[in-house]
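Structure record follows, encoded as structure tokens.
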Amino acid sequence: SAIFKCAEEEATRHLVRQYDGLKPLVKLLQELKNKQLLAAATGAIWKCTLSPENVKALRELKAVELLVGLLTGQPEEVLVNVAGALSECAKEANNRVTLRKSGGIPPLIGLLTGTNQPLLINVTHAVGACALDAENMVIIDKQDGVRLLWSLLKSPNPQVVSSAAWAICPCIEKAKDAGELVRSFVGGLELIVGLLKSEDQEVGGKLEAIQFAKL
């Protein structure tokens, strides 16, 4: 859609909100049969969530609940957008609670087993943001989410590794025994040490954060 393409710019995102464009976009989230339209709507909402003011407006429109309902049974094009939008919405504490109460964490964790690289990047960011809430972290742990995030550190895609490392940090910080959590993964410490030698500075920086978080 035009909004999806233009909303990369902050000024456009502001105009969408100013002229009450978020409400019809949220309404389109219920157009479940038209996948092309659904992909366009979720993509536009994702880009609009890059502005915190839009995240607040979308919360008032109950968009998080609708987005959670799209985490299953949708094509990957839609899932990438939904996960992207939720990753931005989950930066707000109230939305993290809503996401949990709407049952959004288990399907997010389930998407960590896929192979679509953009989807993995967005889902890891969403899970990492959710982990900032202690109650959410309990669910993530029970759903084996930390192990799945850890396995993504072995991805050949540096962006996936970086986003997984970013997501692991709050998981470790909220864990009751961070050191034991890391040691529980076979070859966990060796994996971190090896990746710290990565030539990708973003990957190295995120992994250093893991080292700090577990100490």
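The values are calculated or read from the model by the stated rules, or taken from the named source; none is laboratory data. This is a predicted model, so every value here is computed, not measured. All Cβ positions, even for glycine, are placed from backbone atoms using ideal geometry, and neighbour counts span all protein chains on display. Note: accessible area is taken over every heavy atom of the protein model, side chains too, but ligands, DNA and RNA are not part of it. Shrake-Rupley method; radii C 1.70, N 1.55, O 1.52, S 1.80 Å.
Step by step: find N for the range 1-151, compute 2.2 N^0.38 Å, then divide the Cα radius of gyration by it. What's the final number?
The range 1-151 yields a ratio of 0.97.
The phi-based Karplus calculation (6.51 cos²θ - 1.76 cosθ + 1.60; θ = phi - 60°) puts the 3J(HN,Hα) values of the range 92-105 at 9, 4, 4, 6, 5, 5, 4, 4, 5, 5, 8, x, x, 5 Hz, whole numbers, x for Gly and Pro. Per-residue Karplus couplings for the range 113-124, computed as 6.51 cos²θ - 1.76 cosθ + 1.60 with θ equal to phi - 60°, are listed in order as 8, x, 10, 5, 5, x, 5, 4, 4, 5, 5, 4 Hz, Gly and Pro entered as x. Can you run the Rg to Rh ratio on the range 57-132? Use alpha carbon positions and the Kirkwood inverse-distance Rh. Ratio value, two decimals: 0.92. Once the chain from Asp20 to Ala93 is taken as fully extended at 0.36 nm per residue, the excess over their C-alpha distance is 23.9 nm. Past the 18 angstrom mark, what percentage of all C-alpha to C-alpha distances in the range 99-158 do you count? When every Cα pair of the range 99-158 is considered, 26 percent fall beyond 18 Å. With both labels modelled 7 Å from their Cα along Cα-to-Cβ, the Asn34 to Lys56 distance reads 3.2 nm.
Rg over Rh for the range 44-90 works out to 0.95, both radii taken from alpha-carbon positions and Rh defined as the Kirkwood radius. Nonpolar atom fraction for the range 49-150, defined as the carbon and sulfur part of the 1.4 Å probe accessible area, stands at 53 percent. Of Lys56/Lys142; Lys23/Lys101; Lys101/Lys154; Lys142/Lys174; Lys33/Lys101, which ones are farther than 24 Å apart at the Cα? Result: Lys56/Lys142; Lys101/Lys154; Lys33/Lys101 exceed 24 Å. Taking θ as phi - 60° and the Karplus parameters 6.51, -1.76 and 1.60, the scalar couplings of the range 27-35 work out to 4, 5, 5, 9, 7, 5, 7, 8, 5 Hz in sequence order, x denoting glycine and proline.
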